[in-house]
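Below is one structure, written out as structure tokens; the observations come after it.
The values are calculated or read from the model by the stated rules, or taken from the named source; none is laboratory data. The model shown is predicted, which means the values in this text are computed figures rather than measured ones. Virtual Cβ from ideal backbone geometry, glycine too; neighbours counted across all protein chains shown.
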Amino acid sequence: MNESALPLSPRVAVILLAGGRGARAGFARPKQLELLGGRTVLAWSLDAFAAYPRISRGVLVGDGDVMAAAAPLPDGWISAEPGPERQQSVANALAMLADWEDGAIVLVHDAARPGVGPEVIDRLLDALGNADAAIPTLPVPDTLVEQAGGVAGDVAARDRLARVQTPQAFRLGALRRAHAGASGASATDDAQLVRQTGVAVATVAGDARLHKLTYAEDMAMLAGLLGTGTMMRTAVGMGYDVHRLVEGKPLWIGGIEIEHSHGLEGHSDADVALHALTDAILGALGDGDIGDHFPPGDPQWRGAASHRFLAFAGNRVAANGGRIGHLDLTIIAEEPRIGPHRVAIRERIAEILAIPVGRVSVKATTTERLGFTGRREGISAQAVATVQLPEN
Ligand code: MG
């Protein structure tokens with residue numbers, strides 16, 4: 001049948017791909033089942049397509065966990081098994097549409113893009129009035145360069161490039177022919193396969209809200225883009241550290257240098273207070289400890305200023321979409337006296353982490369001449385960090 005001779009309002013189906021395992025994202029479960037504003041990432045696009053009036057058939061591609069999370073499926077939706085590669089997953093879904101005519105329209109969407117809205121679907125369906133394939137694209141705001149071996153090369157012609165999103169829209173016949181000849185192909189989207197069969201692919205304006213969930217930090221970005229009013233949870237972490245006092249070394253405590261006959265010994269500058277704080281923040285994030293991120297055997301950290309470690313931990317909080325609620329630090333030393341430096345330490349820690357000084361507490365104590373600190377053999381520090389993190 002000649003596709004262009006079909007009625008003006010062909011049927012519309014959607015293939016929703018939720019078969020990926022999200023290995024890159026570092027999540028505990030497949031990323032499409034992570035929670036975003038109280039719903040799974042998958043539910044965002046499933047609900048959006050189910051609410052779009054012209055879509056009369058949906059095919060959800062996913063494993064048993066995905067189907068359990070999506071149950072019950074909306075009216076008109078059926079399931080399909082994922083394949084080992086994306087292409088086979090789409091082919092499995094196309095098989096479920098075997099009774100549909102070639103002139104029908106099918107949208108293909110990755111469930112890792114939760115921000116589907118009716119506007120972009122409208123634009124895609126409009127574009128199929130004059131084309132057999134259409135994709136949403138966004139301009140590239142950054143300068144793009146080739147890169148090899150840590151050296152920047154030529155600048156790419158940015159005005160000729162675009163970022164490709166999903167959903168992508170096709171005449172069913174065009175997508176069928178592309179997949180019939182593409183068994184096992186490793187194309188990252190369907191438009192590439194369709195284009196390889198000689199079909200022109202139209203572009204329409206994409207949508208920033210279609211940002212793809214790839215890395216853990218994308219959750220915070222999506223929460224902002226989708227205005228979810230993310231639920232936050234409070235996490236508490238503790239840190240403890242000890243360093244030995246030796247004669248004739250500079251003494252760094254809490255990010256400041258203190259005049260003293262002895263200094264702390266260690267691979268870095270041995271700032272015992274900043275190390276305890278760093279571990280407390282990493283503890284709240286469940287993100288290992290300072291030694292995991294800055295191995296003591298690594299020569300690049302020899303003599304390193306410990307404010308770098310603390311700033312790193314603070315950046316990890318931000319990357320997780322969180323914020324530091326409060327830090328409480330106790331420095332345990334017989335001498336020197338910490339009291340006169342408490343204000344400076346407090347201000348320095350707030351400065352390193354770019355947080356208000358009111359969120360930082362610094363206390364000091366001796367151990368009444370008992371134990372290794374009492375014998376002035378070393379200085380220890382304890383810290384507790386309270387961190388607010390998105391609930392997911
Ligand atoms: Mg240490």
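Residue check: GLY314 meets all listed conditions (1) buried (at least 16 other Cβ atoms within 10 Å of the Cβ); (2) in a helix (DSSP H, G or I); (3) within 14 Å of the ligand (Cβ to nearest atom) but one, namely (3).
Within the range 223-231, identify whether any single residue is in contact with a Lys or Arg (Cβ under 8 Å, 6 or more places away or on another chain) and modelled with pLDDT under 90, and answer yes or no. There is at least one residue in the range 223-231 that is in contact with a Lys or Arg (Cβ under 8 Å, 6 or more places away or on another chain) and modelled with pLDDT under 90. For the range 247-264, state whether one or more residues are of a type in the set (D, E, K, R), more than 13 Å from the ligand (Cβ to nearest atom) and assigned to a loop (DSSP other than H, G, I, E, B). Scanning the range 247-264 turns up at least one residue that is of a type in the set (D, E, K, R), more than 13 Å from the ligand (Cβ to nearest atom) and assigned to a loop (DSSP other than H, G, I, E, B).
Taking the condition touching a residue at least 12 places away in the same chain (Cβ under 8 Å), away from the ligand (no atom under 16 Å from the Cβ), closer than 19 Å to GLN382 by Cβ and among the hydrophobic types (A, V, I, L, M, F, W, C), does ALA220 pass? It is false that ALA220 is touching a residue at least 12 places away in the same chain (Cβ under 8 Å), away from the ligand (no atom under 16 Å from the Cβ), closer than 19 Å to GLN382 by Cβ and among the hydrophobic types (A, V, I, L, M, F, W, C). Among the residues in the range 137-159, are any in a helix (DSSP H, G or I) and at pLDDT below 90? Yes; the residues of the range 137-159 include at least one that is in a helix (DSSP H, G or I) and at pLDDT below 90. In the set LEU60, LEU73, LEU42, LEU94, only one residue is assigned to a strand (DSSP E or B) and either in the same structural domain as ARG177 (by TED's automatic domain parsing) or surrounded by 15 or more Cβ atoms within 10 Å (Cβ to Cβ) (or both); that residue is LEU60. For the range 211-240, a residue qualifies if it is in a helix (DSSP H, G or I) and out of contact with any helix residue (DSSP H, G or I) (no Cβ under 7 Å at 6 or more places or on another chain), and the qualifying residues are ASP218, MET219, ALA220, MET221, LEU222, ALA223, GLY224.
Candidates are the residues of the range 267-304 that are within 13 Å of the ligand (Cβ to nearest atom) and of a type in the set (Gly, Ala, Ser); the one that is nearest to GLY255 (Cα to Cα) is ALA273. Being in contact (Cβ under 8 Å) with a residue 12 or more places away in the chain, small (Gly, Ala, Ser) and over 15 Å from MET238 (Cβ atoms) is not true of ALA276. Screening PRO53 with (1) crowded, with 19+ Cβ neighbours inside 10 Å; (2) in a loop (DSSP other than H, G, I, E, B) gives one miss only, at (1).
Among the residues of the range 333-341, at least one is assigned by TED's automatic domain parsing to the domain that holds GLY266, in a helix (DSSP H, G or I), buried (at least 16 other Cβ atoms within 10 Å of the Cβ) and modelled with pLDDT of 95 or more. Within the range 140-160, being under 30 Å from ILE15 (Cα atoms) and surrounded by 12 or more Cβ atoms within 10 Å (Cβ to Cβ) holds for one residue alone: VAL140.
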